[in-house]
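To start, the structure under review is shown below, and the notes come after it.
Laboratory data are not the source of any read-out in this text; all were calculated from the coordinates shown. Note that the coordinates shown come from a computational prediction; the quantities given were computed from them, not determined experimentally. Here the Cβ positions follow ideal geometry from the backbone for every residue, glycine too, while neighbour counts run over all protein chains shown.
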Amino acid sequence: MTGKGKSRWADSAEDAALEAQLKKEKEEKKRLKAEKARKAEAERKKREEAEAATAAAQRQQQQQQHDDDVNGPPAKRRRLSTDRDAPQPQAAARVSSSNDSSKLLRFESAGGFGKCRSVENYDKLNDIEEGAYGWVARAREIETGKVVALKRLKIDPKDRSGLPVTGLREIQILKDCNHRNIVKLKEVVVGDDTRSIENIFIVLEFLEHDLKSILEDMPEPFLASEVKTLLLQLCSGISYLHSHYILHRDLKTSNLLLNNRGQLKIADFGMARYYVPDSSQQKLTQLVVTLWYRAPELLLGSSKYGPEIDMWSVGCIFGELLTREPLLQGKNEVDELTKIFELCGIPTDDSWPGFRRLPNARSLRLPSSTTAPTPSTKTLMRAKFPLLTSAGVSLLSSLLSLNPSRRPTASEMLEHEYFLQDPKPKNEAMFPTFPSKAGQERRRKRETPNAPQRGAQKEGGGGIDFGAVQLGGIFGSGREREERGGGFSLRMV
Amino acid sequence: MSHMINPLATPEQLYQRRSFGALPTELQDAIFFSTQCLTQAAGLLLQLPQSVTAQANVLLARYWLVEPMMSYEFSDISAASVYLTAKLSPYPRSPRDVALVYNYLLSPSSTFFSPVPSEESPPPPPSNIPSDYYLPEHLYNSFHTRLLKCEARILYSLSFDTHVSLPHPLAITYLQALDFLNTSKSTISKRTLAYLNTALLSPQMLYLTSQPNALAVAAIYNAAKDVGAKMPECEWWEVFDVDREELGFLVVGMRSVEGWGRKMREDVERMRAETDRDKRGGMITRRDVEGELRRRGLSVGNGGHTGERSSEEEPVDMEAEMARRMDEKMAEIEGSA
């Protein structure tokens, strides 16, 4: 620490040398770094250049495509004749570029059109049913050996309006449908003499049974698990129909077919039609659905209705599956309404707002709700079906709501907790089998009333203006016609 | 999806039509055009919505790809197709209504296909002589019988498949999606629908070769060009699943109908004038066509193949024939433009 001598920190030659060395090293480092940076820079530039080049190429390409676009399709077509001279590379390039751009949805599944085949392609095996409804037979396709049901379209030669519109609608709707719980229409065939088209047959897939005759013959009712399977299938078929804007309008157990593998299919679309949802202008005939399955709004003469009427029929079928007996066997419209009110209670302005405005409600003599408090629908149902679980009761009573808007839709019904609870729906493959009547013997005559006949009640009666005089008309004189049923139906099993 | 698609004609069917019954192509086109126009006129008089009449047009076109044109009287087939589609629609019409309308349209009092007025010959004052279109009961009965027969025949020929999806509602939906191309809603919509309706008359049978979405897009494209609307700059048609190739074809096809139709009217008038024996309406009949064939020295085949002619036609290359027709059409369009 003395200030005299050379400071220990004084610069010496050594120090200088050292410093120079350090400096040199530093510089060297700097140089290297700079060089490295330069190199990197160069590399980056090179890369960028390459990128720019490709981008430019792309831009050019796009520009070219764009030019094509600007010229537009007509120009392209106009070039057609020159295309023939030098088409190949250009066309190929264009094809590939358009392939790159997007994937388009192709609509090619609709098939074509052509003449009907002859009924002679089928061998008749046995009659399934014959009667007022027309003729249904079991037959085998000669070519493939497949067994089908042949249903003859009933044509009244005296009917000067041509082929029956119900039959044509049935064919069209079945052609449009593709669902495992809806009977499949294979084709339409005609008699051999094609100069006049008089013999028209609908070829349908053959199913061994219909639910009605199974129920009639069973010694024991269906198990709860089996009822669930049947209802689920019915409901998924109806949900398909409704989502395709089709009303069935004649759901009943005799129109539900069952094969030996436990599969249920909805049949007989003779009453079916397309509908416009929430349409206030479309007037539909209320003379649909077999009386025992007919919804109260139809009985009250509403001409604006929707899928809810099918859901009412589902409720009736549900009840029938439980007891093997049709649920509401009214003798006529008035009796049917009475039976409905006995089962479901009397409608009130609260439970069904606006029902008093329906055409036929005017003639109703309802006990005033204040004097006799009616028990709730659920209570009535529980009394009628003591063995049903409470989820089942809630489903059934909601299906049989007098107020159409309170009924669940088919897709809502599929989600109902009734189907989630034990016992679980039985696997279709585990379903019991039954002896098939359709396979062998002639079906005995049915005792269910038939769907109302189209045209039996003309639009005059179907309108809103529905006086008491006309009420007598449908309730009284319509009965005989009712027995005869629609001209055309699809119950072949 | 089924309500958006149609069954389409097969290439064989389209080709076969050209050799059907040995009818020359331009005669077939004249029959097709006048019958489709008759169907439209009947639809108007029967107060049917265009959605019903247009379906009748499509069914009729399909029917003629399956059966020879000369099998039945053209007006009867037209009446049957209208009657059938109306019956299946929410607007049924009685056979008598149909009979009265067709009887009127075929009478000399109707202005259907009356000669196009030109400068030299001003249109004659419209005549309305009720006795011209009075329909006696026996004629009504025979018409009724023919109507039902043709109805059954059409259904048989189409395997009872009466499904027709029209492009009109799709076109409106697409226009909405395109925000009406920022032009007047009604102008461009009307123009679009006009193209779609005109396309029903096209000899290229656009409704049998293209799906509704493609027809709708092509009609919008044409309408937009006509009203000078600015279309999106990208390939907007791909959004509606139409490729450029098809769009281009349809755009030209739709645009060509107008000029072609004018020529057809002249053809029809000439043909009818040459066989005109007594006063009658503007619609051509099978007799007119047979007369025309005789004048050309061709044998009259009632649907059957006539030997020499079909063997003569056989070697014609399908593609060459198609190319020739397209070139002709192009020349026609460029000529008229």
Per-residue average of Cβ from other chains inside 10 Å of A:293-305: 0
R0 of 35 Å, Cβ-Cβ distance residue A:366-residue A:244: FRET efficiency to nearest 0.05: 0.40
Taking 0.36 nm per residue of sequence separation and subtracting the Cα-Cα distance, how much length would be gained by fully extending the chain between residue A:115 and residue A:405, in nm to one decimal? 99.9 nm
Can you tell me which lysines have their Cα less than 18 Å from the Cα of residue A:378? Leave out same-chain residues fewer than eight positions away. A:339
Per-residue mean of other chain beta-carbon atoms within 10 angstrom of the beta-carbon, peptide B:156-167? 6
Excluding same-chain pairs closer than 8 in sequence, count the lysine pairs in region A:117-202 whose Cα atoms lie under 18 Å apart. 11
Distance in Å, no decimals, from the C-alpha centre of region A:312-328 to the one of region B:240-277 is 59
Could you compute the net charge surrounding residue B:100? Neighbours are other residues with a C-beta less than 14 Å from the C-beta of residue B:100; K and R count +1, D and E count -1. -1
Going fewest to most other Cβ atoms within 10 Å around each Cβ, A:335, A:278 line up as A:278, A:335
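Lys and Arg at +1, Asp and Glu at -1: add these up for the other residues within a Cβ distance under 12 Å of residue B:213 and post the number. Provide the component values of the computation, followed by the final result.
Numbers: positive: A:106; negative: B:238, B:241, B:243, B:246.
Within the 12 Å Cβ shell, the charges total -3.
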Exercise: per-residue mean of other protein chain Cβ atoms within 10 Å, A:157-169: 4
Hydrodynamic radius by Kirkwood, which averages 1/r over all alpha carbon pairs of region A:117-202, in angstrom: 13.9
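Sort A:320-326, B:166-172 for me by packing, meaning the mean count of neighbouring Cβ atoms within 10 Å per residue, highest on top.
Values: A:320-326: 17.7, B:166-172: 21.1.
The peptides rank, most packed first, as B:166-172, A:320-326.
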Per residue of region A:335-345, what does 6.51 cos²θ - 1.76 cosθ + 1.60 with θ = phi - 60° give for ³J(HN,Hα)? Whole Hz please, x for Gly and Pro, Karplus curve as stated. 4, 4, 4, 4, 5, 4, 5, 5, 7, 9, x
Distance between the C-alpha centers of region B:177-203 and region A:184-228? Whole Å please. 46
Explain nothing, just the number: dipole magnitude of region A:208-459 about its Cα centre with +1 on each Lys and Arg Cβ and -1 on each Asp and Glu Cβ, in debye rounded to the nearest 20. 600
